């Protein structure tokens, strides 16, 4: 059955999620034509259009967030959860399973989808949602005036005046085209202004990814520059984790702002953690003298870019609610975990990605529900984006710890549990989001009945 998805002029992004009347979800890809001289029914104006099922047939991963590569003159997309690859036109995979794909034609200036239905059945277009990969950058100084004053209940209009309002430090400093990956990474780590940090991180991911597909990939610069002991921060009120004010349960505007502010602080440190792992362990070699492949740097840079997007979403939402990032105290416990594991890549991945990030998968649904009960649909939308991305981040940690263990002939579960015993204070306690953890590759063997003898960093 032919379904008109709309005029060509409506499609300006790389990917869209198509919702059909039956509840079925598809992904529509708009990609540069590999051979513009060879016109095909699914091509127009230098672009090719493809459609496939929105859930990976392996474990249901979001194909809207897949990475795109060209292999043998064809586009191949890889699921963000477990890196299963699929030819976007045929659905064929190198791992033996197949995804459902659906023909797309460009007819009379419109994008037309051919979707199969049973005899007598019908299906129609519900809606089409663009998949946004944009970070909400800004260059103006935050104001102490509410962006949307109508959102505040009358009883909450009087807010304490913050002790510090961030200043606009002007444009971010960009490195030249000769800069290596590690040059950029150290520059980002040493950038104190959060707006500059997310802007530079997003830029680095864009140019590094673009050059990976070119004949002149960016040099890595392994071991040329050391990572800073601790990335600087603009003047903020810093307290110990145990001294943080209680955020409440999300029933009031003040409570929800506090919750989003705490999450934004975590996301800002998460940017540095993903960048730091690339610099600090750039010269890492396995016990079999295997160095880290370029894919390692790309994967963690993608994590950093996601974290920059997350911070921007939360910072924007906080300002829409009448506050700004920096108005409340913060703590640096995540970086304490980075220092605790600075000596070994296996430890770093185990504690940061497979303990802290995995714990986020456990608590995110409960946090989202608090905002949903409060009727804060805008915050729910941002938090759902963050939760889905965080599954892929735990997947990244699981993938690279497994890669190291494969090279060294060790068991990743045992390596993980040994590092938890040594570098994490206390046991890993539930409740666990078993579904999300399994999607990320972590079955129960990783986190059930973990040892509690560690003297390292405690959970926060």
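Brief remarks on what is shown
- Test: residue in region 279-291 that is part of a helix (DSSP H, G or I) and surrounded by 24 or more Cβ atoms within 10 Å (Cβ to Cβ): yes
- Test: residue in region 315-327 that is in contact (Cβ under 8 Å) with a residue 24 or more places away in the chain, touching a strand residue (DSSP E or B) at 6+ places or on another chain (Cβ under 9 Å) and over 25 Å from residue 396 (Cβ atoms): no
- Test: residue in region 36-48 that is surrounded by 16 or more Cβ atoms within 10 Å (Cβ to Cβ), under 24 Å from the mean Cα position of the chain (by Cα) and either at pLDDT 85 or above or in the same structural domain as residue 14 (by TED's automatic domain parsing) (or both): no
- Annotation: residue 33 fulfils all but one of (1) touching a residue at least 24 places away in the same chain (Cβ under 8 Å); (2) closer than 18 Å to residue 105 by Cβ; the unmet one is (1).
- Some residue of region 303-311 being in contact with a strand residue (DSSP E or B) (Cβ under 6 Å, 6 or more places away or on another chain) and either modelled with pLDDT of 95 or more or farther than 17 Å from residue 183 by Cα (or both): no
- Residue in region 238-250 that is crowded, with 20+ Cβ neighbours inside 10 Å, farther than 18 Å from residue 271 by Cα, in the same structural domain as residue 338 (by TED's automatic domain parsing) and in contact with a helix residue (DSSP H, G or I) (Cβ under 9 Å, 6 or more places away or on another chain) present: yes
- Members of region 87-114 that are more than 20 Å from residue 13 (Cβ to Cβ) and in contact with a strand residue (DSSP E or B) (Cβ under 8 Å, 6 or more places away or on another chain): 87, 90, 91, 92, 93, 94, 95, 98, 99, 100, 103, 114
Residues are listed down the side, and each one gets a yes or a no for (1) over 25 Å from residue 209 (Cα atoms); (2) modelled with pLDDT of 95 or more; (3) assigned by TED's automatic domain parsing to the domain that holds residue 207:
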{"position": "285", "(1), (2), (3)": "no, yes, yes"}
{"position": "288", "(1), (2), (3)": "yes, yes, yes"}
{"position": "321", "(1), (2), (3)": "yes, no, yes"}
{"position": "334", "(1), (2), (3)": "yes, no, yes"}
{"position": "338", "(1), (2), (3)": "yes, no, yes"}
{"position": "377", "(1), (2), (3)": "yes, no, yes"}
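- Hey, residue 251 farther than 30 Å from residue 376 by Cα and assigned to a loop (DSSP other than H, G, I, E, B) or not: no
Condition check ((1) surrounded by 13 or more Cβ atoms within 10 Å (Cβ to Cβ); (2) at pLDDT below 85; (3) assigned to a helix (DSSP H, G or I); (4) assigned by TED's automatic domain parsing to the domain that holds residue 240) across all residues:
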site: 420; (1), (2), (3), (4): yes, no, yes, yes
site: 427; (1), (2), (3), (4): yes, yes, no, yes
site: 432; (1), (2), (3), (4): yes, no, no, yes
site: 437; (1), (2), (3), (4): yes, no, yes, yes
site: 442; (1), (2), (3), (4): yes, no, no, yes
site: 445; (1), (2), (3), (4): yes, no, yes, yes
site: 449; (1), (2), (3), (4): no, yes, no, yes
site: 454; (1), (2), (3), (4): yes, yes, no, yes
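- Any pair with Cβ under 7 angstrom, 6 or more apart, that starts in region 204-221 at a residue that is in contact (Cβ under 8 Å) with a residue 24 or more places away in the chain and ends at one that is surrounded by fewer than 12 Cβ atoms within 10 Å (Cβ to Cβ) and part of a helix (DSSP H, G or I): none
The values are calculated or read from the model by the stated rules, or taken from the named source; none is laboratory data. Computed from a predicted model, the values in this text were never measured in an experiment. Every residue, glycine as well, gets a Cβ built from its backbone with ideal geometry; the counts of neighbours run over all protein chains shown.
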